[in-house]
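No value in this document is a laboratory result; all are computed from the given coordinates. Bear in mind the structure is a predicted one, so any value in this text is a computation, not a measurement. All Cβ positions, glycine included, derive from the backbone under ideal geometry; neighbour counts span all protein chains shown.
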Amino acid sequence: MVLRRDEWLDLARKVDWTPRYVDERELFPEEISGRPWLPREAWRDWNEAYRTTYREYVANQREKDAAVLGVRAALSKPRLFDDLDPGWVQLVKFHNGAVALAEYAGAVAELRMARFGRDSAWRTMATLGALDEIRHTQIPLLIGHDLLAYDGNFDWTHKAFHTNEWVILAARHLFDDMFLAADTIDLAIQLNFVFETGFTSLQFMAMAAMADRAHHHLFEKTVASIQTDEARHSQIGRPVMRALIENGSRDRAQYLIDKMWWRCWRLFLALSGTAMEYLAPVSARTRSFKEFMTEWVTEQFVKNLAEFDLEKPWFWDLFVEELDYAHHSLQLGLYTYRTTLWFDVAMPDRAERDWLNEKYPQWNETYGALWEELERRWEAGGEAGTLSYGLPALCNLCQLPALFIRPGRNTACTLEMGGRRYLFCSEPCRWIFQQETSRFAEHKSVVDRIVAGDAPGKLIDLHQWMGLQAPVETGKDLRRGLDPWRLDPVPKR
Amino acid sequence: MRLYLFGFASDDFLGRVVVTPDERTVAQLADQLVAWGLAPQRGGFLTVRNEAGDILDPAATIAESGLGNGDIFKVERG
């Protein structure tokens with residue numbers, strides 16, 4: 001008699017055997033299985049809300065891949081760029097470079113849990129999660145490869161994570177901390193509970209909604225497909241969180257949440273905030289970045305915290321304040337340092353400025369004059385006048401420029417330790433650094449490396465060091481200075 | 001001695017690295033920072049503070065003001 005699914009699934013999920021030749025501590029060493037090291041009984045009730053089998057997984061994934069590849073085939077290569085806004089193309093290039101190989105790091109993290117997670121159902125979920133993340137690497141690589149014929153910089157889909165480009169160094173610093181240098185308990189909280197349930201819905205669902213309106217149906221299908229995987233394997237976080245809370249590790253759980261919320265916020269405002277509001281065409285924008293963050297990330301995450309009676313991170317007020325300006329400041333940094341990027345960056349046109357001011361009533365007062373000054377400089381002295389030539393101050397934790405300020409508001413701070421003075425963009429970055437100084441202290445930012453002579457100080461040599469072949473690969477003004485209020489229609493690339 | 005400092009001008013959006021000899025004055029340091037910002041033509045009196053918020057004497061040298069490698073200074077107009 002063939003058993004029905006429900007009759008064998010629980011047995012298949014829970015195949016925790018009793019080790020005979022080693023004890024459990026040797027099988028699951030604390031250094032990699034995580035602290036606190038809890039007895040086997042503490043994990044016995046580990047349960048995922050949505051259960052699946054390998055057979056179901058393969059069938060579902062096959063359908064999802066077929067849907068993505070079907071759109072790719074229907075569009076056919078010669079039409080991949082048809083009707084795409086030039087800013088949107090840059091958004092995809094930015095997204096692909098920053099995300100594709102980060103997903104591969106995610107696969108390594110899931111595989112660590114697949115071996116060292118303390119419960120077999122957890123290990124099974126993580127095995128499927130690893131397959132997910134490999135898929136999330138391969139699909140952008142495939143699509144990025146298709147786009148190479150039209151824009152050579154799409155090779156940054158694969159290349160970016162192998163370079164010293166500064167945005168990528170910042171991303172890698174976070175992903176190394178969150179994915180690659182973490183034990184399985186920290187992974188489950190940081191990757192699954194905070195990053196995936198908190199933030200990736202923003203990157204994938206919001207981007208999918210925008211891609212639909214930008215008529216980029218292949219990208220829409222890809223990111224929406226990825227998000228369904230994320231939603232499944234992100235559920236690893238909850239039962240691990242429950243085990244921590246029930247076994248006296250509430251403080252550790254709260255620390256991991258606080259730390260990773262801030263670190264993810266920093267990277268997402270840099271990647272998603274700027275891309276959504278300065279590269280996506282106005283017609284594709286369904287909500288502002290702040291509205292997405294508030295509705296899809298913040299509100300949902302606060303509910304998750306309440307479920308476990310956890311507190312909002314201690315810096316919550318600063319985070320909420322930054323929603324109004326941090327990514328706008330970063331965009332000015334990206335624009336004026338655009339030759340150090342692998343994608344082009346836009347100066348907002350009149351319609352975009354009106355939209356920004358409608359969504360952020362202080363935008364024009366705070367940032368409008370700075371953009372107008374850049375315009376005047378272009379008029380007076382050409383593009384060279386719109387570039388920054390000095391070095392930006394980089395944070396020794398998030399590795400991003402210390403520009404989370406607006407005129408009149410500055411949150412940068414320093415720390416003297418071991419004969420070295422460290423710079424931080426904000427108090428939360430300094431606080432995280434202080435909690436784990438041995439983890440972070442020896443890392444050098446790009447500026448530290450230049451000052452120490454480990455990286456070249458001349459811009460042309462620095463481009464080379466970052467992996468950017470100037471002038472072909474280096475980022476440019478999206479419209480090459482031919483702004484739409486002077487030349488209509490905007491020429492397509 | 002040459003120092004590298006992190007300067008934040010109140011009408012700028014970005015902290016900038018300033019490399020300077022420490023025998024220059026605090027006023028010269030402030031001028032160097034705002035010259036790289038987006039509104040150097042605005043002019044006017046510049047107030048310089050250290051990270052703790054203490055106002056630095058514009059006539060003092062950078063060395064005399066107590067600023068050292070890796071320190072923050074802030075420049076406000078008016």
ask   = What length, rounded to one decimal in nm, is gained on full extension from A:Arg420 through to A:Asn364, with 0.36 nm per residue of separation minus their alpha-carbon distance?
value = 16.2 nm
remark   = Computed ³J(HN,Hα) along region B:19-29: with the Karplus parameters 6.51/-1.76/1.60, θ = phi - 60°, integer Hz and x for glycine or proline, the list is 9, 8, x, 7, 8, 5, 7, 4, 5, 5, 4
note = Diffing region A:222-236: the Karplus 3J(HN,Hα) column from phi (6.51, -1.76, 1.60, θ = phi - 60°), in whole Hz with x for Gly and Pro, holds 5, 6, 5, 5, 4, 4, 5, 5, 4, 4, 6, 7, 5, 5, 4
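Express in nm, to one decimal, how much length is gained between A:Ala452 and A:Arg5 on full extension, taking 0.36 nm for each residue of separation and deducting their alpha carbon distance. Walk me through the numbers before you get to the answer.
Details: separation 447, 0.36 × 447 = 160.92 nm, distance 6.18 nm.
Stretched out fully, the A:Ala452 to A:Arg5 stretch lengthens by 154.7 nm.
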note = For A:Arg479, the residues 5 or more places away or on another chain with a placed amide H closer than 5 Å to its own amide H are A:Met347
inquiry  = Below 20 Å, Cα to Cα, which lysines can A:Lys359 reach? Residues fewer than 8 away in the same chain don't count.
reply    = A:Lys290
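Over the whole of B:1-12, what's the average partner chain Cβ count within 10 Å per residue? Rounded to a whole number, please. Let's see the in-between values first.
Values: counts 0, 0, 0, 6, 1, 10, 2, 8, 3, 6, 5, 8.
What the average comes to for B:1-12 is 4.
Which whole number of Å³ per residue matches the convex hull of the alpha-carbon atoms in chain A?
On the way: hull volume 77.7 nm³, N = 493.
It comes to 158 Å³ per residue, whole-number rounded.
Please order A:Tyr50, B:Tyr4, A:Tyr422 by the number of other Cβ within 10 Å, starting at the fewest.
Working: A:Tyr50 9, B:Tyr4 18, A:Tyr422 24.
Fewest to most other Cβ atoms nearby, the residues stand as A:Tyr50, B:Tyr4, A:Tyr422.
Using Cα-Cα distances under 8 Å and only pairs 6 or more residues apart, what relative contact order does region B:2-77 have, in percent?
Computed value for region B:2-77: 43 percent relative contact order.
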key: Cβ-Cβ FRET estimate between A:Arg40 and A:Ala67, R0 fixed at 45 Å, reported to 0.05   = 0.65
ask   = What value, in deg cm²/dmol to 500, does the helix sum -39500 (n - 2.57) over DSSP H runs of n ≥ 4 give at 222 nm once divided by the residues of chain A?
value = -15500 deg cm²/dmol
task = DSSP loop (so not H, G, I, E, B), at most 15 other Cβ within 10 Å: list which trypsin sites (Lys or Arg not before Pro) in region A:35-135 pass both filters.
result = A:Arg44
message = Just to verify a number: FRET efficiency for A:Leu27 and A:Ala181, C-beta to C-beta distance, R0 = 25 Å, to 0.05?
response = 0.70
remark   = In nanometres, the difference between 0.36 nm per residue of separation and the alpha-carbon distance of A:Ser120 and A:Asp309 is 65.3 nm
